[in-house]
Each structure stands twice: as structure tokens, then as C-alpha cells.
Amino acid sequence: MTYHNPQVKNPGLAAVLSFLISGLGQIYNGEIGKGILIIVVQIINGLLTLIFVGFVTGAIVWIWAIYDAYKTAERINASAGGASQLPGPPRPSNSP
């Protein structure tokens, strides 16, 4: 799978974005087409709630989108060798 943005991605942020709006984490990861597809599927699921099917399928797609966004960000970081470049507190050095 090709990614449009080779920058280091924050898996937690990707998951939170997909938690808020399904597909947004995929768009953050550079998978624009996948993100738009998930958003469209969730809109259809919203309509399917009228016949109660959407409650189940919507929840399944929502949970999968969160998981997929997180794992994709981890894969991007691993392939870029940038997992250690994520922002965070400075690490203490072991030199005297």
C-alpha cells in the first residue's frame, strides 16, 4: 500500500481522529481514498439505522476504522524508521 505522506505519524492521534469521525484517521495517515470510502459507508450506515441494521454495521465499521488508523500509522512509522521521532519528553542520556 502506498502512502501519500511519508512523515512520521502519531498512532494515538490517528485513532482519536477516527474515533471522532470514522475515516478521518485514514485521511490523516495519507490514505485519502480509504478515508472517504469509510465516511461514505458510515453515512449509509446512518441511513440504515432507520431499519436498525445500521446500529450494528455502523459500530463494526467505527471500531475497525479506529484500529486500522492506529495500525496504519504504526506501519508508516516502521517503514520510515521514524517511530523514535515522535514528539514526546526528552529521554535521559546514559553518558556521564
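The values are calculated or read from the model by the stated rules, or taken from the named source; none is laboratory data. No experiment lies behind these values; they were computed from the predicted model shown. A quick note on method: Cβ atoms are made from the backbone with ideal geometry, for glycine too, and the neighbour counts reach across all protein chains shown.
On the stretch given as segment 20-53, residues that are in a helix (DSSP H, G or I) and either at pLDDT below 95 or more than 17 Å from residue 10 (Cα to Cα) (or both) total 19. Of all the residues in segment 17-47, those that are more than 15 Å from residue 76 (Cβ to Cβ) and surrounded by 15 or more Cβ atoms within 10 Å (Cβ to Cβ) number 10.
Residue pairs whose Cβ atoms lie under 6 Å apart, sitting 6 or more positions apart in sequence or on different chains, and linking a residue in segment 33-52 that is closer than 15 Å to residue 19 by Cα to a partner that is at pLDDT 95 or above and of a type in the set (Ser, Thr, Tyr), are 38/22; 42/22. Checking residue 56 against (1) at pLDDT below 95; (2) of a type outside the set (Lys, Arg); (3) surrounded by 13 or more Cβ atoms within 10 Å (Cβ to Cβ), only one condition comes out false. Which one? With respect to (1) at pLDDT below 95; (2) of a type outside the set (Lys, Arg); (3) surrounded by 13 or more Cβ atoms within 10 Å (Cβ to Cβ), residue 56 is out only on (3). Every listed requirement among (1) small (Gly, Ala, Ser); (2) surrounded by fewer than 14 Cβ atoms within 10 Å (Cβ to Cβ); (3) at pLDDT below 95 is met by residue 82 save one, (2). Looking at (1) assigned to a helix (DSSP H, G or I); (2) in contact with a Gly (Cβ under 8 Å, 6 or more places away or on another chain), which is the one condition that is false for residue 8? That leaves (1) as the condition not met.
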